[in-house]
C-alpha cells in the first residue's frame, strides 16, 4: 500500500512539471483588479509550499496550500497535484472530481498530462461511496441540506459520489415538520435517505391496554389474602424474637463460662495479679449476663407479640342489612294498667 501511494505521488508530481518547464507557464496569469504579478507570485509560493508538505505526508496542510494556489492562479499542474493530495487524504470523491477537471483543462490545450489524470479518475470511480436522497411526490419545493450545504435539485433522486464519512441530512418544507437523518458513506456502497411524505398523516399509535390485574396472592404481600399486614407484622416480630433469644443464649453461655473461670481464679490465686484477673473475669461475666437478660426480655416480648398476632381471629365486617323495599309489617304487643293489645306497624 505504501509503494502504491508513493507511485501516485511521483506520478502526480509529473502533472506539476511535465511538459512545461515551470508551473507558471501552464496557464496564463489570472487577470484581476489587483496586481496580477503579485497574485501569481503568491500562487507560486503556495504551490511550492503545498508540494513540499505533500512530500512530507502532511496532507491536510498540503491540500489547503494547493487549493489556495489554484484559486489564485488556476493551472493544470496545481489541480492535478491537489487531486493526488485529496486522494491520499482519503477524500476519494473530491479527488475524482479534481482529476476529471484536470483532464479537461489538459485536453483543452492538448496537454499530455490529461491522460494520467483521466487514468486516475477511472481507477477511483468504482471505489466511490455514493449518497442517494429521495424526495416524496409533491415536495419538489423542499430544501435539502447535507452537512449544512443545500443540495441542488439535480443532486436529488440520483446516487451522487461523496467522500467517505458521516453526513446529516436535513429537509425543510414550509408548514411541515423538519426532517433529520444521519447516514454513513462507505466505499463501494450507496447510502440511501428516504424523506417521508409530509402530506401523509403520521401513523397513530394504538392506545395501550391496561395490564390485567395481577393475582393479589402473589403480587402484594401486604394486601394479599394469604399474607396481610397483620401476618407480616407477626413474621417481623417473630424474627426479632428469635434473634433476641439467640443473642440472649450466646451471652448467657459466655457469662456462665467467665463466671466459672472467675471462681477458679479466686479460689487458687496467690498473687495480686492473678486475683485481679479473677475480678476482671467476674466483671465480664456480669456484663454478659446483663446483655443476656436484656436480649432475652426483648426476644420474649417479640415472640409473644408474634404469637398474639397469629392467634387473634381476623376481623370481619358484619353484613349490612338489606334495605327494606316493598310491603313490610311488624306486630308489637303492649300492656299497661288498663289492659293490653298489639300494634301493627309496617310499610305499604
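Overview of values
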quantity	calculated
Gain on full stretching of the segment that runs from residue 147 to residue 97 - 0.36 nm per residue minus C-alpha separation	16.1 nm
Neighbour-count ranking [beta-carbon atoms within 10 angstrom, fewest first] of 76, 169	169, 76
Residue 37 versus residue 110: modelled label distance in nm, points set 7 Å from Cα along the beta carbon direction	3.2
Cβ-based exposure ranking for 98, 112, 107, in which fewest neighbours within 10 Å come first	112, 107, 98
Extension gain from residue 263 to residue 192, taking 0.36 nm per residue of separation minus the Cα-Cα distance	16.1 nm
Distance between modelled label sites at residue 123 and residue 181, nm, 7 Å Cα→Cβ extension	3.5
Sequence of 286, 131 once ranked by neighbouring C-beta atoms within 10 Å, starting from the fewest	286, 131
Inter-site label distance for residue 304 and residue 276 at 7 Å from Cα along Cβ, in nm	4.5
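Values quoted throughout were computed directly from the atomic coordinates according to the rules given, and no laboratory measurement underlies them. Bear in mind the structure is a predicted one, so any value in this text is a computation, not a measurement. Note that we place each Cβ from the backbone using ideal geometry, even for glycine, and neighbour counts take in every protein chain shown.
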